[in-house]
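The structure under discussion appears below in the form of structure tokens.
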Amino acid sequence: MELKKPPLIDDEGRRLDGRGPAELRPLHIEVDVLANADGSAYVEQGNTKVLAAVYGPKEVHPRHLGLPDRAVLRCRYHMAPFSVKQRKSPAPSRREIELSKVIREALEPALFLQHYPRTAIDVFIEVLQADGGTRCASITAASLALADAGIPMRDLVAACAAGKINGVLVLDLCDIEDKHGEADVPLAMMPGLGRITLLQMDGMLTPTELKECIMLAIEGCKQIYAAQKEALRERFVRIRKEVEEAEGLEPAEGGGEA
Amino acid sequence: MTLFFNKRDLVVPGDLLAEGDYELGENVYRIGDKIYATRVGLFELKDSKVSVIALNSFYVPKPGDVVIGDVVDIGVGSWAVDIRAPRLAILRAVDALGKPFRPDKQELSRFLTVGDTIIAKVKAYDRTRSPLLTLSEPGLGKVTSGRIVRITPSKVPRLIGRKGSMISMLKRETGCKIVIGMNGVVLVRCKRPEDEELLVEAIEKIERESHVEGLTDRIAMMIRRRKGLGA
């Protein structure tokens, strides 16, 4: 017996949410959203919402986990109980532990860990709402939180998935497309350096399709990368603008005082 | 030899700053002949040295730095001090008391205990070991009064200003005593609470607006205006 799959793409080539095949979901990024963490970032990609916080480099506890030649990067990817339709147990699942490792390995190449021996950098990622592509949004958010914490980086890491639904190769799959589609290829990279730090595949693709998916995901990453840089600059540009505006008012006030 | 940014432009990690035969300054690194930024900050070029003045950073100890930290633990012959660096700093009893310490006769907690704040100097640090502190110089020791303000360590130079211009202006205008720890911890001691409020506000403004030109004038203006209103 074969399950009847719902149509994911209409006759005009539009997806369920009205996107074209090579279009990203609406992206919203904020940096420095948490006062108590050393660095933080918030990423919304469509209905996927992810919060990342970074602490460190700091003393390693327990002590024996420290390495004599470099810092340890510790990642925790966690989904909030309310992030999915059916309440998820807050205990870390097998999937979350695996994703924590995968995200850590996607971020490590961007850092100069050997500069800070016997210390730890902690990254906490909280998925507030899940609608597909959470590991990619997590990497995007975590790399911004690292930059916000003032931790030196080779480049920002941007991540995005590509895949195949109803026989069409598409960018940035949402949850339904991921579940009912044929394949999903998450990819993370340092776009400025042209280095890929994460590449996974779930499902079936021919070698040429895989190559096309990778090219598609790289294009997606580049768009996300531009948005990341914009978000990092935003706060400082805003303060500069505020000061300049206040300065514009100054002569009048100064004149009043004199 | 190509530059991709102008002086004081805002850059972020991964931005390609320059290509060619430049010297490497702070917060940059090189692949081949390409030079990239590693932190969010302002692009800087001095002679042929490319660097980034960081806007976010953490404190990395340097021998000779005066720092302000909190005692967090008492060991056998030493204290552990949190100076907001990647590692806890160690203050040995000899370096604090200036004479040999006899663990059988004296109690360390009589001199300093957990929760005390101290002004200390970094004696040694080589990033494979914990930083060592010393108190054996005038002006160093336990903090008994005042208020602590914390700023990003990379903004300490802005708070001091060129040749100390900012800090002397702050002292002059508010009449307060200020001790700046290179780790971004600032101790202010004022006679009047209004002066303290004003000074803390000024320090916070410096941290927030350090990347916009004309900082010293703006702060002086703010203080004068506030004092004018108070009178």
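Looking only at other chains, what is the average number of their beta-carbon atoms within 10 angstrom of each beta-carbon in B:207-217? Display every interim value, and only then the final one.
Working: counts 0, 5, 6, 2, 5, 8, 4, 3, 1, 0, 1.
Whole-number average of other-chain Cβ neighbours for B:207-217 is 3.
Excluding same-chain pairs closer than 8 in sequence, count the lysine pairs in segment A:1-143 whose Cα atoms lie under 26 Å apart.
Value for segment A:1-143: 9.
Would you work out what percent of the accessible area of segment A:121-219, with all protein chains in place, is carbon or sulfur (probe 1.4 Å)? Provide the component values of the computation, followed by the final result.
Working: 1780 of 3190 Å².
That share works out to 56 percent.
Cross-link candidates for residue B:227: which lysines have Cα within less than 24 Å, leaving aside residues fewer than 8 places away along the same chain?
B:171, B:177, B:191, B:205
How would the protein assembly as shown be classified by its alpha-carbon gyration tensor: rounded, prolate or oblate, with rounded meaning a/c under 1.5 and the a/b versus b/c comparison settling the rest?
On the way: a/c = 2.17, a/b = 1.60, b/c = 1.35.
It is prolate, given that a/c is not under 1.5 and a/b is the larger ratio.
Would you work out if chain A is rounded, prolate or oblate? Take a ≥ b ≥ c from the square roots of the eigenvalues of the alpha-carbon gyration tensor; rounded if a/c is under 1.5, else prolate when a/b is larger than b/c, oblate otherwise. Could you put the intermediate results ahead of the total?
Numbers: a/c = 2.00, a/b = 1.34, b/c = 1.49.
Because a/c hits 1.5 or more and a/b fails to exceed b/c, chain A counts as oblate.
Whole angstrom only: what separates the Cα centroid of segment A:14-39 from the Cα centroid of segment A:54-112?
Each part reduced to its Cα centre gives a spacing of 21 Å.
Cut-off under 21 Å on the C-alpha distance; same-chain residues fewer than 8 positions from residue B:34 excluded. Which lysines are left, in chain and number order?
Excluding near neighbours in sequence, the set is A:222, A:229, B:7, B:46, B:49.
For residue B:34 and residue B:48, compute 0.36 nm times the residue count separating them, minus their Cα-Cα distance, and round to one decimal in nm. Walk me through the intermediate numbers first.
On the way: separation 14, 0.36 × 14 = 5.04 nm, distance 1.40 nm.
Full extension of this stretch gives 3.6 nm more.
For segment B:147-230, what class follows from the C-alpha gyration tensor (a ≥ b ≥ c being the square roots of its eigenvalues): rounded when a/c is under 1.5, otherwise prolate if a/b is larger than b/c, else oblate?
Because a/c hits 1.5 or more and a/b fails to exceed b/c, segment B:147-230 counts as oblate.
With a 1.4 Å probe, how much accessible area is buried between chains B and A, both sides summed, in Å² to the nearest hundred? Mind dumping the intermediate values first?
Values: alone 12870 and 13970 Å², together 23800 Å².
So the buried area, both faces added, is about 3000 Å².
Could you work out the relative contact order of segment A:27-236? I mean the mean sequence separation of Cα pairs under 8 Å and 6+ apart, divided by the number of residues, in percent.
22 percent.
Can you tell me the accessible area per residue over the protein assembly as shown, all protein chains present, probe 1.4 angstrom, in square angstrom? Mind dumping the intermediate values first?
Values: 23800 Å² over 489 residues.
On a per-residue basis, the protein assembly as shown sits at 49 Å².
Just want to confirm a number: the relative contact order over chain B, from Cα pairs under 8 angstrom separated by 6+ residues, in percent.
Working: 464 pairs, mean separation 34.0, N = 231.
RCO, chain B: 15 percent.
Ranked highest first by average number of other Cβ atoms within 10 Å, how do A:235-242, B:85-92 line up? Walk me through the numbers before you get to the answer.
On the way: A:235-242: 14.1, B:85-92: 22.2.
So the order, starting with the most tightly packed, is B:85-92, A:235-242.
Say the dipole of segment B:147-230 comes from +1 at the beta carbon of Lys and Arg and -1 at that of Asp and Glu; which of B:221, B:156, B:170 then lies farthest toward its positive end?
Among B:221, B:156, B:170, the one farthest towards the positive end of the dipole of segment B:147-230 is B:170.
Tell me which of B:74, B:13, B:3 sits at the most positive position along the dipole axis of chain B, charges placed on C-beta atoms (Lys, Arg +1; Asp, Glu -1).
Most positive-ward Cα: B:74.
Compute the FRET efficiency between residue A:208 and residue B:21 as 1/(1 + (r/R0)^6), taking r as their Cβ-Cβ distance and R0 = 30 Å, and round to the nearest 0.05.
Details: r = 43 Å, r/R0 = 1.44.
Computed FRET efficiency for residue A:208 and residue B:21 comes out at 0.10.
Mind listing the long-range amide H neighbours of residue B:74? Cut-off is under 5 Å, sequence gap 5 or more, other chains count too, H placed in the peptide plane at 1.01 Å from N.
Sorted by chain and number, the residues that satisfy this are B:80.
So who's got an amide H within less than 5 Å of the one on residue A:132, skipping anything under 5 residues away but keeping other chains? H placed 1.01 Å off N, in plane.
Excluding prolines and chain starts, which carry no amide H, the hits are A:175.
What whole-number distance in Å separates the alpha-carbon centres of segment B:110-131 and segment B:38-109?
Using only Cα atoms, the two centres lie 6 Å from each other.
Separation between the residue B:143 and residue A:84 pseudo-spin-labels, each 7 Å from Cα along Cα→Cβ, expressed in nm?
4.8 nm
At a 1.4 Å probe radius, carbon and sulfur cover how many percent of the accessible area of chain B? Before the final figure, lay out the partial values.
On the way: 5670 of 11350 Å².
About 50 percent, which is the carbon plus sulfur part of the accessible surface.
What do you reckon, how do A:82, B:58, A:124 stack up by accessible area (1.4 Å probe), largest on top? Could the numbers behind the result be given before it?
Details: A:82 140, B:58 30, A:124 80 Å².
The most accessible residue leads, giving A:82, A:124, B:58.
Tell me, what ³J(HN,Hα) does each residue in segment A:64-69 have, in order and in whole Hz, if you take phi through Karplus 6.51 cos²θ - 1.76 cosθ + 1.60 with θ = phi - 60° and put x for Gly and Pro?
Listing the rounded values in order: 5, 7, x, 10, x, 10 Hz.
Once label points are set 7 Å from the Cα along Cα→Cβ at both residue B:201 and residue A:95, what is their separation, rounded to one decimal in nm?
Each label point lies 7 Å from its Cα, and together they span 5.2 nm.
Report the charge-dipole magnitude of chain B in Debye, nearest 20, computed about the Cα centre from +1 at each Lys and Arg Cβ and -1 at each Asp and Glu Cβ. The partial results should precede the final answer.
Values: 39 positive and 30 negative charges, 159 e Å.
Result for chain B is approximately 760 debye, rounded to the nearest 20.
The values are calculated or read from the model by the stated rules, or taken from the named source; none is laboratory data. Please read these numbers as outputs of a predicted model, since none were measured by experiment. Virtual Cβ from ideal backbone geometry, glycine too; neighbours counted across all protein chains shown. We work out accessible area using only protein heavy atoms, side chains counted, and drop any ligands, DNA or RNA first. Shrake-Rupley method; radii C 1.70, N 1.55, O 1.52, S 1.80 Å.
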